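Each remark here refers to the structure printed beneath this line.
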Amino acid sequence: MTAPVLEVEGLVKHFDVSRQVKVHAVNGVSFSIREGETLGVVGESGSGKSTIGRSVIRLLAPTGGTIRFRGRDITNLPESACRPLRAEMQMVFQDPWSALNPRIRIGDLIAEPLKLHTKLSAAERRDRVEALAIRVRLTPELLTRYPAELSGGQLQRVCIARAIATSPKLIVLDEPTSSLDLSVRAGILDLLAELKAETGAAMMFISHDLGTVKLISDRILVLYLGSVVEYAPTAQVFADAAHPYSQALMSAHLPADPDAVLKRHVLQGEIPSPINLPPGCHFASRCPVAVPRCRTETPPLDPVAGDAAHQAACLRITEGANRIPALEDAHG
Amino acid sequence: MSATIASPRWVRRIGGISRRSPTLAAGVFIILGFAAMALLAPWITPFDPELAQSRNVLAAPGGAHLMGTDGNGMDVFSRVIAGARWAFGIAIPAVLVGLLAGVPLGLYTGYRGGWFDEIAMRFFDALRVFPSIILALAVVAAAGPSLLNVVLVIGFLDSPVFARVVRAEVLALRHSTFVESAVSAGNPTWRILFVHILPNALQGAMAQTAVRAAWAVRISATLAFLGVGIQPPTPEWGAMIRQGAEYLVTGQWWVGVFPGIALILMVLGLNMLGDGLQDLLDPRRKAATR
């Protein structure tokens, strides 16, 4: 078994709003990603997905926990020491329109990581940029254009070319398709799937769209208010989610079969504020199967039915009472 | 119709801009006029602007002396034209000094933030409390009324304006995705500042340049009028107005009025140009005023 490219243990990130008020964005999250593996990170907005993505490549300084990249502890590395590592870990952002400097030509944008991290000559760099452009299916004529002249899908391809230019070992994809048109999305996802197979890079795919996560991920991490509620292989999460929140999330996902009978569960209740997190299970306020002790005891992330690969954080699993009822029959 | 189609692109572009912003067009027209005067001064002045003709003192306008002569018998028309050289010669370097001092400061304080930013901004606030003319007066009076001193004082008094507009844009850009993406690509700080942030943060400062140049012309004339700036017989408009003020009561109005008109026109032109530039370069401002 290959060693993990990224190991995260007990990651905590708080944002200080003022001296007394803290936003608890990420509260003790652990996971690992192996070479060639793609981890899907799902959750609602505000669940800490993007914060985790930015923390693991050290765009943010974590409040606690450890981040190991290829065996090396990078949790508290200063920015100057992170810089050489940035060749090996790259990120693709959600909104390609704002992720590229509007005053730099496409070719120079793709060349930038090469300029910063390699000793290639200008001519070698040009060849490499052209090869990268072709790899992400951009016509080389676009290389002399400015970002404002390209479409969203083309811009995201530019961002991807930038991210793979230095052959990184880890690529964080922060909702790379969610701001794109549906028709463009498929092309980007195909490209990412190809790159995944080709480069062997570890990927972290952050999304709130279960359909895209399902396509590309090997394992899935389900987040709720900055904590992991379920961590399991993709097929298992979709077929047999253990945590009530994951079940509700999966029931909201439309299957490709138009004749399938939808048993949707629409969650009631309010999401607690990440400034004042309640004790016990954070999901208890919206959970249809919660019992009083859920509001006082913090559920540990335990293997489900003795399967170490499938973990969930719910007190009611051992009682066999974790199934939520499908309340609404929504058809079509 | 055929003329419009045949005219080159830049002609149509200028036409388009002047229709959208007559203020800008008028400003450009006035300033181009003064620039031509300044550049061609040695060839178009009928007399040497500093040639004193002692037999022809305080001659009324007309004849050989279009705008008359002053108390030293110098040709006012030639001096008004030559004065354009001094106006540009002070305004342009002063604005450059202001940009060179203010832009890097705004860039750095905006990006770095924290206590350094706090101290720099409070210092600028403190500077703004003093009326700038008093401050300029004091410094020039203390350091001596040379051209260099006047330029440096005006430039440094101007730098907080540039620092502030650049800082405001840097603050907005600092957390933008493309700067984050530049960091994640592994750019060192200097490259983030100068390659990624600066070119996107200069529009506001550029739009300010003409207005600040107008201010520089006005301040340098004021200093000269008060007798601490450029000294007569140098053909500087402010100094000329000071000379003319003495003759106003005795009826020789032309000594002071003509340089005064030139000064007003130049400041007006620069302000119109500046207003037009701000509309053109800052779409938010445009939306707010329309």
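The values are calculated or read from the model by the stated rules, or taken from the named source; none is laboratory data. Predicted model, so just to flag it, every value in this text is computed and none were measured. Here Cβ is always computed from backbone atoms with ideal geometry, including for glycine, and neighbour counts include all displayed protein chains. Heads up: the accessible areas ignore ligands, DNA and RNA and are worked out on the full protein's heavy atoms, side chains in. Shrake-Rupley method; radii C 1.70, N 1.55, O 1.52, S 1.80 Å.
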Which one of the conditions (1) surrounded by 24 or more Cβ atoms within 10 Å (Cβ to Cβ); (2) at pLDDT below 90; (3) within 14 Å of chain A (Cβ to nearest Cβ) does B:Gly229 fail to meet, given that it meets all the rest? (3)
Given the structure, is A:Thr177 open to solvent by less than 30 Å² (accessible area, probe 1.4 Å), out of contact with any Pro (no Cβ under 7 Å at 6 or more places or on another chain), more than 9 Å from chain B (Cβ to nearest Cβ) and touching a residue at least 24 places away in the same chain (Cβ under 8 Å)? yes
If I filter the range B:74-92 for residues that are crowded, with 18+ Cβ neighbours inside 10 Å and part of a loop (DSSP other than H, G, I, E, B), do I get at least one hit? yes
Pairs where the first residue, in the range B:182-195, is within 7 Å of chain A (Cβ to nearest Cβ) and under 25 Å from A:Leu173 (Cβ atoms) and the second is open to solvent by 30 Å² or more (accessible area, probe 1.4 Å) and part of a loop (DSSP other than H, G, I, E, B), C-beta under 9 Å, 6+ apart: B:Val183/A:Leu59; B:Ser184/A:Leu59
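Does A:Leu180 satisfy the criteria of being outside the structural domain of A:His282 (by the TED database), under 28 Å from A:Ala133 (Cβ atoms) and not in a helix (DSSP H, G or I)?
So A:Leu180 passes the test.
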With the checklist (1) surrounded by fewer than 18 Cβ atoms within 10 Å (Cβ to Cβ); (2) within 12 Å of another protein chain (Cβ to nearest Cβ); (3) touching a residue at least 40 places away in the same chain (Cβ under 8 Å) in hand, flag the one item A:Asp108 doesn't pass. (3)
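Evaluate the range A:224-233: report whether one residue or more is within 23 Å of A:Gly48 (Cα to Cα), among the β-branched types (Val, Ile, Thr) and surrounded by fewer than 16 Cβ atoms within 10 Å (Cβ to Cβ). Full working, then the answer.
Taking the range A:224-233 first, the residues within 23 Å of A:Gly48 (Cα to Cα) are A:224-233.
Next, only the ones that are among the β-branched types (Val, Ile, Thr) stay: A:228-229.
This time we only want the ones that are surrounded by fewer than 16 Cβ atoms within 10 Å (Cβ to Cβ), so: none.
The answer is no; no qualifying residue exists.
So is B:Ser159 touching a helix residue (DSSP H, G or I) at 6+ places or on another chain (Cβ under 6 Å), surrounded by 15 or more Cβ atoms within 10 Å (Cβ to Cβ) and small (Gly, Ala, Ser) or not? Break it down into steps so the answer makes sense when it comes.
Values: touching a helix residue (DSSP H, G or I) at 6+ places or on another chain (Cβ under 6 Å): yes; surrounded by 15 or more Cβ atoms within 10 Å (Cβ to Cβ): yes; small (Gly, Ala, Ser): yes.
Criteria met by B:Ser159.
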For residues that are open to solvent by 30 Å² or more (accessible area, probe 1.4 Å) and either touching a strand residue (DSSP E or B) at 6+ places or on another chain (Cβ under 8 Å) or among the polar types (S, T, N, Q) (or both), tally how many sit in the range A:11-29. 12
Tally the residues that are more than 7 Å from every other protein chain (Cβ to nearest Cβ) and in contact (Cβ under 8 Å) with a residue 12 or more places away in the chain, restricting the search to the range A:57-101. 27
When the residues of the range A:188-206 are filtered to those that are out of contact with any Lys or Arg (no Cβ under 8 Å at 6 or more places or on another chain) and small (Gly, Ala, Ser), which remaining residue is surrounded by the fewest Cβ atoms within 10 Å (Cβ to Cβ)? A:Ala197
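Here is a yes/no grid of residues against (1) out of contact with any strand residue (DSSP E or B) (no Cβ under 8 Å at 6 or more places or on another chain); (2) open to solvent by less than 40 Å² (accessible area, probe 1.4 Å):
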{"site": "B:Thr23", "(1), (2)": "yes, no"}
{"site": "B:Gly27", "(1), (2)": "yes, yes"}
{"site": "B:Pro46", "(1), (2)": "no, no"}
{"site": "B:Ala59", "(1), (2)": "no, yes"}
If you scan the range A:1-10, which residues turn out to be assigned to a loop (DSSP other than H, G, I, E, B), among the aliphatic types (A, V, I, L, M) and surrounded by 10 or more Cβ atoms within 10 Å (Cβ to Cβ)? A:Ala3
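Identify all residues within the range A:111-128 that are in a helix (DSSP H, G or I) and within 14 Å of chain B (Cβ to nearest Cβ); write none if there are none.
In the first step, residues of the range A:111-128 are kept if they are in a helix (DSSP H, G or I); the result is A:111-117, A:122-128.
The answer is A:Ala111, A:Glu112, A:Pro113, A:Leu114, A:Lys115, A:Leu116, A:His117.
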Tell me the residue from B:Trp237, B:Trp254, B:Trp215 that is over 23 Å from B:Leu66 (Cα atoms) and buried (at least 21 other Cβ atoms within 10 Å of the Cβ), please. B:Trp215
Within 23 Å of A:Gly43 (Cα to Cα), within 14 Å of another protein chain (Cβ to nearest Cβ), under 17 Å from the mean Cα position of the chain (by Cα) and in a loop (DSSP other than H, G, I, E, B) - does that describe any residue in the range A:144-165? no
